[in-house]
1. For region 12-41, give me the residue count where each residue is over 21 Å from ARG63 (Cα atoms) and buried (at least 16 other Cβ atoms within 10 Å of the Cβ).
2. Given the conditions (1) in contact with a Leu (Cβ under 8 Å, 6 or more places away or on another chain); (2) surrounded by fewer than 16 Cβ atoms within 10 Å (Cβ to Cβ), and given that VAL395 satisfies all but one, which numbered condition is not satisfied?
3. If I ask for residues that are buried (at least 19 other Cβ atoms within 10 Å of the Cβ) and closer than 22 Å to GLU354 by Cβ, which ones from region 298-335 would you list?
4. Quick one: which of LEU338, LEU363, LEU411 is outside any helix (DSSP H, G or I), assigned by the TED database to the domain that holds THR425 and buried (at least 17 other Cβ atoms within 10 Å of the Cβ)?
5. I need the full set of residues from region 489-522 which are assigned to a helix (DSSP H, G or I), touching a helix residue (DSSP H, G or I) at 6+ places or on another chain (Cβ under 7 Å) and either outside the structural domain of TYR588 (by the TED database) or within 20 Å of GLU473 (Cα to Cα) (or both), in order please.
6. Please pick out the residue among LYS13, LYS24, LYS65, LYS32 that is touching a residue at least 24 places away in the same chain (Cβ under 8 Å), among the basic types (Lys, Arg) and not assigned by the TED database to the domain that holds GLU336.
7. Under 9 Å between Cβ atoms, which residue pairs at least 6 apart in sequence (or on different chains) link something in region 383-399 that is without any contact (Cβ under 8 Å) to a residue 12 or more places away in the chain with a partner that is β-branched (Val, Ile, Thr)?
8. Within the bounds of region 78-97, is there any residue that is surrounded by 11 or more Cβ atoms within 10 Å (Cβ to Cβ), at positive phi, charged (D, E, K, R) and outside the structural domain of ASP372 (by the TED database)?
Amino acid sequence: MLGNIKFIGELGKLDLIHESILHKCIKTLLEKKKRVQLKDMGEDLECLCQIMRTVGPRLDHERAKSLMDQYFARMCSLMLSKELPARIRFLLQDTVELREHRWVPRKAFLDNGPKTINQIRQDAVKDLGVFIPAPMAQGMRSDFFLEGPFMPPRMKMDRDPLGGLADMFGQMPGSGIGTGPGVIQDRFSPTMGRHRPNQLFNGHGGHIMPPTQSQFGEMGGKFMKSQISLRPAQSFLMNKNQVPKLQPQITMIPPSAQPPRTQTPPLGQTPQLGLKTNPPLIQEKPAKTSKKPPPSKEELLKLTETVVTEYLNSGNSNEAVNGVREMRAPKHFLPEMLSKVIILSLDRSDEDKEKASSLISLLKQEGIATSDNFMQAFLNVLDQCPKLEVDIPLVKSYLAQFAARAIISELVSISELAQPLESGTHFPLFLLCLQQLAKLQDREWLTELFQQSKVNMQKMLPEIDQNKDRMLEILEGKGLSFLFPLLKLEKELLKQIKLDPSPQTIYKWIKDNISPKLHVDKGFVNILMTSFLQYISSEVNPPSDETDSSSAPSKEQLEQEKQLLLSFKPVMQKFLHDHVDLQVSALYALQVHCYNSNFPKGESVANLARNC
């Protein structure tokens, strides 16, 4: 669990997880579980301290200050509890103190992360003066680096003064594997050169001979015991390819470019005579081409502001797209970049807002940004609305323009925009967006697009207004009732029937006010049938306190009901003729009406519904 929390914290530190998710994790870790004792919450509290140390600085801002204060008040109370282990209490104390010091960690925590092998070598040279060479290929002697600038002077003086190749490839004193009798000396032990001549270094192959006085005499002119050169012989360095001089900064050439080196032959084989082949070449270390570090978040925001400002002033979209592409912003920064584009244009003219919308659409076409990036940016700006409304009172109307243009350019769909705005979130932003769409396009286009989206308009309103009557009232106030023509029909048709119940007048009113596309809609037939039945019920059985609803109607009432049904027959035939599915919808509306009326006794309508 701790590993998962560390992973979540690192993602949150990189702005890859929304703050609300991080707050949810913290609340889950802090809340008191049922049937769990406080002493068993150690793991949760350790995870809490870990996530606080990682993303605490990001969450501790002005908008979330009250939440953070509650978290740390709870942590302080837990810190004083004796039921928790001491380790957990100290972790809580460290986290509380970290916030008190403005999230500046103590020195002990500044350098406790993992290091690369190169950093370890650099630290060794800096702190201990010891150079740790990189692992070398098989067959290469590691004691080569005991010469030159990597070996301290005192070590050099302690070397066995044999000169020649022994000086170049000898081993440090005391570096063998143990001491005393029975210890197996390795093949590079200095005792090999001190007590017996190496077969590779003399001309007496196959014979182990002690050094004679004459041998020292022959070398007397060149070497004295007190003046022994630590350099290789001159002939060793004079080859066809002259070896460059040793520079202060050196590096080994890759093993593939090195000449082969001779190793001591296995026991039982006669060694080859003569000197070894050319030594490894040492070349000057080329100057490192330092990679340019990626720009920080602040630098990216400044670059975005520069690019957008120049674009709004000049209108050159190609330069703006190239400027954004050259920024090479990481993917997790794209929503914030688009938020900056929107915010920079909010207090400018409508033409500049349209330019900003066009730039966002162009970035999507070029594959730089995505629809998800835009929605995240849009929601980020919405979260800042309370602060922005101080300087820009109509900020929601301007954001509705951005959303409408994004829908027109197919950057997002109506359903994608509606999802985060359900239950009246940021109300009436969604309705403002629909108003802008109707203004930029036309009503028929918007009606068709809205019906295809399958968005439930009642869910887009605050909970207190989520009913048909209130919804129609709000839509009429915003000039959007055309989106629900059947809802308006349900309210107006019954009024029209009561004014003039003649079939000709009703049919003419429907033709003038209802689109022909809806004449074959099941919802239209349902409303038409329901309106006729409601009118008949109100005429035959007018509501009054003295009338007993359980008593059977008189013959006059039944006859009146029958005549009214027959009077509406021409209208029903006009819309239901040769449409079986619409006839079924009419029968369903009849059954629903009678069910809501508790199937009154004796009514022909109720009898008809029972027999359906």
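The values are calculated or read from the model by the stated rules, or taken from the named source; none is laboratory data. Computed from a prediction, not measured in an experiment: that's the story for all the values here. No Cβ is skipped: glycine too gets one built from the backbone with ideal geometry, and neighbour counts run over all protein chains shown.
1. Total meeting the criteria: 2.
2. (2)
3. The answer is THR304, VAL307, VAL308, TYR311, LEU312, ALA320, VAL324, LEU334, PRO335.
4. Exactly one residue qualifies, and that residue is LEU411.
5. Selection gives LEU489, GLU490, LYS491, LEU493, LEU494, GLN496.
6. LYS13
7. GLU389/VAL395
8. no
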